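Contents: one structure, followed by commentary.
Every read-out reported here was derived from the displayed coordinates using simple, explicitly stated rules and does not represent laboratory data. All figures in this text were calculated on a predicted structure; none of them were measured in a lab. Counting neighbours? That spans all protein chains shown, and the Cβs are built from the backbone with ideal geometry, glycine included.
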Amino acid sequence: MIVTENGIATDDDTRRIDYTTGALQEVSAALEDGLDVRGYLHWSALDNYEWGSYKPTFGLISVDPATFERTPKPSAAWLGGLARTGVLPRATS
């Protein structure tokens, strides 16, 4: 199974990390239950133009709508750190 997750639309990046932590805790629990999880994909890498505006902020990388300059958010570094270590957040239940 491949798990995909699209993030959360928020300007508060700590909420994005909390949201993704919860998703990864569920992946961890599924692995502990023996489910064959082959990968996890956070597919909203960039904030982008959707629904007639640049307001959706699902991505791990912000995009300036005037210059299109891309800036990684702290959540991108956090998720990258998890990927490098291969250690998932543990379920709290």
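Summary table below
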quantity: Choice from Ala29, Ala77, Ala66 showing the highest fluctuation, given a GNM over the chain with Cα pairs closer than 10 Å; calculated: Ala66
quantity: Overall Cα dimensions of the chain - principal axes, largest extent first, Å; calculated: 47, 24, 22
quantity: Relative contact order (%) - criterion: Cα under 8 Å, at least six apart; region: the chain; calculated: 33 percent
quantity: Qualifying GluC sites (Glu not before Pro) for the chain [loop in DSSP, other Cβ within 10 Å: at most 13]; calculated: Glu69
quantity: With Cα atoms, 0 to 90° folded angle of helix 74-85 axis to the chain main axis; calculated: 30 degrees
